[in-house]
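Here is the structure we will look at, set down as structure tokens.
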Amino acid sequence: MHDEAKTGAGGALPIRVRGATKIYGAVRALDRIDLDVRSGEFLTLLGPSGSGKTTLLMVLAGFTRPDSGSVRFGGREMIRTPPHRREVGMVFQNYALFPHMDVAGNIAFPLRLRGVGRARQKERVDAALATVQLEGFGGRRITQLSGGQKQRVALARAIVFEPRILLMDEPLSALDKKLREHMQIELRRLHEKLGMTTVYVTHDQREALTMSDRVAVINHGRLAQLDEPRALYERPATPFVANFIGESALLPVEESGGEYRYDGEVLRMETPSRGELLLLRPEQLVLLPDGAPDAGEYNRFRGTVGEVVYQGESFITYVRLKGGAEIAVRSVSRRRALAEAPARGSEVLLGLHPSETTLIPGREK
Amino acid sequence: MTALHAAELRRDEAREKWMLFGLAAPAAALVVAVIIVPVGWLFWLSLFNDAGELSADNYARMLASKSYTRIFTTTFKVSLLTTALCVLLGYPLAYFLAQLPRRWAALGMMAVLLPFWTSLLVRTYAWLVVLQRKGLINQWGMELGLWDAPLRLAHNLNGTLIGMAHIMLPFLVLPLYAAMKAIDADYIRAAANLGAAPASAFRHVFFPLSLPGLFAGVTIVFVLCLGFFVTPAVLGGGKVIMVSMKIETLVDLFFNFGTASALGVVLLALTLLVLFAAHKLLRLDKVLGGGA
């Protein structure tokens, strides 16, 4: 997937973090983190605010000195290397574009520091501007740029000196939703083109799933799970991951003799999984027609309808199960489905296909 | 269709404007009473010669006489040197304070402002005690054998500059510190990330971004220096004659209100000119450096 042809001058570098620990007073911002980022990979650090994901990025960039641990870029130990000698590109959350320089000045800054000649500087600045689709913007002042343009300039500045590692700290959080979604795709494309090893920080799980090769979920300074987006969504390793990524209800199940039961009913699974909690995603559940005969197709749950909330492309039906838990069912808003949506207070039958039936561990790692 | 409530809404808006204006009225009246009127009176006085006739004699004399030119030169020289001293001392101090954690910075700031708690006159005479021929510095310096004859630190330009720089320093440090505190740490991080060693990040990023604060401080100090009286009068020992001191002599000794007023008017005009130039400079800087 990451062939040599698309990598930069020296090729991408893998990152290896071992035992990274940072303690602020009573808070363990990083708690013995081990992390391997593959060469040329787009890896996202995902977690709630205060989880330690930004601290980890700052450790990679060299701005935060951990209490202990090792950070290697392609085999070279970097833990004591100051930031200005790490040769990693970085896009800051607020862009940190120098307001006293114009766009070209900002992008040329790293080249100037590296003693690149003026003519060559201009060539490379123009090339970087073209890469981020801002041809002809070199003379603009930073204050004249829109949020999306600043974002692109920050990116151009971070890649113009061809670093082999690119770090991004919530670079899209200041943009409005439409532009953010557009930039997600664009950043992803750019990554494919440039092939740098990229570590991206976000608290937006959807963004993480959209853009990443793999996602590292961080919570309380620890790595909760590191997996590809689908695996993360379909087989969360802990209740925290299940709740943080997508919506989910977790129902406690009873185990006896290798069988799992919820509310007395045996749960059928296509792919066996073990655990104490049944993972229910709103879009996995199906509203079954009233009095449908049990064809054995679905695991069935009985419940009472609470509210029905219309959300445009889909609608949510809240159902209180016999066991007491309240769960949400998401259905696509076809006119027919809407017309047949069960009324509040009515009894309803929900189906969960065995291929979607997944158990997860009940405890955090 | 008529616009609903348009007239009433317009009236409400007008009334609010008048209320705001009313709130500003006491301050406006005070400014007129204590600034506009006296300055106007000063200007009026400067237009009469010794015989009490309306004339431009007072201004003509200033242009003709070498001694007046020298006084203005001295005033600007002392102000410039004091400002330069303040920049040399104040920039590192403000930088140091801006790097400290908040609590320590507050403490340091108190130390900078401490001199404001005592009267200007007391501070100036304190400097005289320290700097004069048989003052603390000369006594200790000679006892330690650092120098043989007493250094001339007071009653001359040296003393004036030392005293004035001390008194003006907070006026430079305060705006500079505020400007430095406002520089986002991410700018410096970004510079480092892009390959700038600490000294280089300072030169290319931190220093240019601190310039608006520096210009503000320099302007305040320079303008305050132009009209300074007490410190040069006490520490200059009569060798450093500034405009304000000449005005005092003219009024106190010669009862020459006309010439004194003309001097005051010229000094005021020059001060306004400096302020105007600084304003232009600052505006230019805002265009270059405003906002993130």
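The values are calculated or read from the model by the stated rules, or taken from the named source; none is laboratory data. This is a predicted model, so every value here is computed, not measured. Neighbour counts are summed over all protein chains in view; Cβ atoms, including those assigned to glycine, are modelled from backbone coordinates with ideal geometry. With ligands, DNA and RNA removed, areas are computed over all heavy atoms of the protein, side chains included. Shrake-Rupley method; radii C 1.70, N 1.55, O 1.52, S 1.80 Å.
Of (1) open to solvent by less than 50 Å² (accessible area, probe 1.4 Å); (2) among the β-branched types (V, I, T); (3) at pLDDT below 85, B:V205 satisfies all except one. Which?
Among (1) open to solvent by less than 50 Å² (accessible area, probe 1.4 Å); (2) among the β-branched types (V, I, T); (3) at pLDDT below 85, the lone unmet condition for B:V205 is (3).
Given B:A192, B:A179, B:A196, which one is within 14 Å of chain A (Cβ to nearest Cβ), of a type outside the set (F, W, Y) and assigned to a loop (DSSP other than H, G, I, E, B)?
B:A196
Would a scan of region A:135-152 turn up a residue that is within 20 Å of A:L194 (Cα to Cα), in contact with a helix residue (DSSP H, G or I) (Cβ under 6 Å, 6 or more places away or on another chain), away from chain B (no Cβ under 12 Å) and open to solvent by 40 Å² or more (accessible area, probe 1.4 Å)?
For region A:135-152, residues within 20 Å of A:L194 (Cα to Cα), in contact with a helix residue (DSSP H, G or I) (Cβ under 6 Å, 6 or more places away or on another chain), away from chain B (no Cβ under 12 Å) and open to solvent by 40 Å² or more (accessible area, probe 1.4 Å): present.
Quick check on B:V78: is it under 20 Å from the mean Cα position of the chain (by Cα), modelled with pLDDT of 95 or more and open to solvent by less than 90 Å² (accessible area, probe 1.4 Å)?
Spelling it out, it is not the case that B:V78 is under 20 Å from the mean Cα position of the chain (by Cα), modelled with pLDDT of 95 or more and open to solvent by less than 90 Å² (accessible area, probe 1.4 Å).
Of the conditions (1) more than 14 Å from chain A (Cβ to nearest Cβ); (2) crowded, with 16+ Cβ neighbours inside 10 Å, B:T249 clears all except one; give me its number.
(2)
Against the conditions (1) in a helix (DSSP H, G or I); (2) away from every other protein chain (no Cβ under 14 Å); (3) open to solvent by less than 70 Å² (accessible area, probe 1.4 Å), where does A:K122 fall short? Just the number, please.
The failed condition is (3).
Just to verify a result, which residue in region A:218-239, among those that are in a strand (DSSP E or B) and more than 20 Å from A:P66 (Cβ to Cβ), is least open to solvent (accessible area, probe 1.4 Å)?
The qualifying residue least open to solvent (accessible area, probe 1.4 Å) is A:Q225.
What number of residues in region B:161-192 are of a type in the set (K, R) and either in contact (Cβ under 8 Å) with a residue 40 or more places away in the chain or not assigned by TED's automatic domain parsing to the domain that holds B:A94 (or both)?
1
How many residues does region B:47-69 contain that are surrounded by 13 or more Cβ atoms within 10 Å (Cβ to Cβ), charged (D, E, K, R) and under 23 Å from B:V240 (Cβ atoms)?
The number of residues fulfilling the criteria is 1.
So, of the residues in region B:95-147 that are free of Cβ contacts under 8 Å to residues at least 24 places away in the same chain and among the basic types (K, R), which turns out to be surrounded by the most Cβ atoms within 10 Å (Cβ to Cβ)?
B:R133
Consider B:G227 against the criteria (1) at pLDDT 90 or above; (2) open to solvent by 40 Å² or more (accessible area, probe 1.4 Å); (3) closer than 28 Å to B:S79 by Cβ: it satisfies all of them except one. Which criterion is unmet?
Just one mismatch for B:G227, condition (1).
Which strands (runs of 3 or more DSSP E) does region A:11-114 wholly contain that include 2 or more residues that are of a type in the set (G, A, S)?
Here the list reads A:15-24, A:68-73.
Just a yes or no: is a residue in region A:252-260 without any contact (Cβ under 8 Å) to a residue 12 or more places away in the chain, touching a strand residue (DSSP E or B) at 6+ places or on another chain (Cβ under 6 Å) and either open to solvent by less than 90 Å² (accessible area, probe 1.4 Å) or not small (G, A, S) (or both)?
yes
Look through region A:77-116, keep the residues that are surrounded by fewer than 18 Cβ atoms within 10 Å (Cβ to Cβ) and of a type in the set (S, T, N, Q), and return whichever of them is farthest from the other protein chains (Cβ to nearest Cβ).
Looking at the filtered set, the residue picked out is A:T81.
With respect to the numbered conditions (1) in a helix (DSSP H, G or I); (2) within 14 Å of chain A (Cβ to nearest Cβ); (3) over 16 Å from B:C86 (Cα atoms), which one is the sole condition not fulfilled by B:S210?
Looking at each condition in turn, B:S210 falls short on (3).
Enumerate the pairs (first residue in region B:228-252 and over 21 Å from B:A269 (Cα atoms); second residue anywhere and of a type in the set (F, W, Y) and not in a loop (DSSP other than H, G, I, E, B)) with beta-carbon separation below 9 Å, excluding pairs fewer than 6 apart on the same chain, so at least 6 apart or on different chains.
Short answer, once both residue conditions are applied: B:T231/B:W127; B:V234/B:Y125; B:V234/B:W127; B:L235/B:W127.
I'd like the full set of residues that are open to solvent by 40 Å² or more (accessible area, probe 1.4 Å) and hydroxyl-bearing (S, T, Y), limited to region A:344-365.
Answer for region A:344-365, where residues must be open to solvent by 40 Å² or more (accessible area, probe 1.4 Å) and hydroxyl-bearing (S, T, Y): just A:S355.
For region A:160-200: of the residues being of a type in the set (A, V, I, L, M, F, W, C) and within 14 Å of chain B (Cβ to nearest Cβ), which is nearest to the chain's Cα centre (by Cα)?
A:V199
Would you confirm whether any residue within region A:66-76 is within 8 Å of chain B (Cβ to nearest Cβ) and surrounded by fewer than 18 Cβ atoms within 10 Å (Cβ to Cβ)?
No: zero hits.
Being buried (at least 19 other Cβ atoms within 10 Å of the Cβ) and within 25 Å of the chain's Cα centre (by Cα), is that true of even one residue in region A:330-338?
There is at least one residue in region A:330-338 that is buried (at least 19 other Cβ atoms within 10 Å of the Cβ) and within 25 Å of the chain's Cα centre (by Cα).
Only one of these conditions is not met by A:I15: (1) open to solvent by 20 Å² or more (accessible area, probe 1.4 Å); (2) at pLDDT 95 or above; (3) under 25 Å from A:L232 (Cα atoms). Which number is it?
Looking at each condition in turn, A:I15 falls short on (1).
Does A:V59 satisfy the criteria of being within 10 Å of chain B (Cβ to nearest Cβ) and on the phi < 0 side of the Ramachandran plot?
Taking the combined requirement at face value, the residue does not satisfy it.
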